[in-house]
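S.K.: Before I ask anything, let me first share the structure, which is written out below as C-alpha cells.
The values are calculated or read from the model by the stated rules, or taken from the named source; none is laboratory data. What you see is a predicted model, and the numbers here were worked out from it, not measured in a lab. Using ideal geometry, Cβ is built from the backbone for each residue, glycine included, and neighbour counts are taken over all protein chains shown. Just so you know, the surface numbers come from the protein's heavy atoms only, side chains and all, with ligands and any DNA or RNA stripped out. Shrake-Rupley method; radii C 1.70, N 1.55, O 1.52, S 1.80 Å.
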Amino acid sequence: GLELSHCVGTNSLGPVGPWRSGGPCKMKRVRTVFKPEQLERLEQEFLKQQYMVGTERVDLAATLHLTETQVKVWFQNRRIKWRKQSMEQKAAKLSQFGVIQPASADSTDIKDHEEDTVDVEL
C-alpha cells in the first residue's frame, strides 16, 4: 500500500499522491511495499522475460492490483539488480583464476544503464 500525504502548508487543492513531506515543502515519494504474493509473481515473470511491455504489463498490473507504472519501475529496478549480481558473479569467477578486474568497470557498466534506475511515478 501507499501512504498519501502532501506538502505542509498547501491547501486542499495542492498535490496529492504517493508523496510525503521531507521539510517545509520538499516532497519525497513513499516507497511501494509489495506483498509477498506480488513479489513471487513478479519474479516468476522476470525469469521468463526481463522486459515487460504493452498489454502484458497492463494485464500483470491488473492481476496483481498494482499500477502499470509500479510494474514498470519494479522491472527496471530488477534489471539493475540482475546486472549487478551478474557482474559480482563474473568478478568472483575471475578472482578464482587470479584475474583482477579494474575497479572502474562496475561504475561504467552501471552508468551505461542509468535510464533503468528511475524510481518515481509520473
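S.K.: So what's the net charge close to residue 41: Lys and Arg +1, Asp and Glu -1, counting the other residues with Cβ under 12 Å from its Cβ? Don't skip to the end; give the middle numbers.
M.R.: Values: positive: 35, 48; negative: 37, 40, 43, 45, 59.
Taking every Cβ under 12 Å from that of residue 41, the sum is -3.
S.K.: Dipole of the stretch 36-95 (Lys/Arg Cβ +1, Asp/Glu Cβ -1, origin at the Cα centre): which of 94, 50, 60 lies farthest to the positive side?
M.R.: Of the candidates, 94 comes out farthest on the positive side.
S.K.: May I pose another question? Given a 1.4 Å probe and heavy atoms of the protein chains only, how would you sort 45, 68, largest accessible area at the top?
M.R.: Sorted descending by solvent-accessible area, the residues read 68, 45.
S.K.: Further question: Strictly over 21 Å apart at the Cα level, which of 35/72; 28/72; 48/93; 28/84 would you flag in this model?
M.R.: The pairs that break the limit, which is 21 Å between Cα atoms, are 48/93; 28/84.
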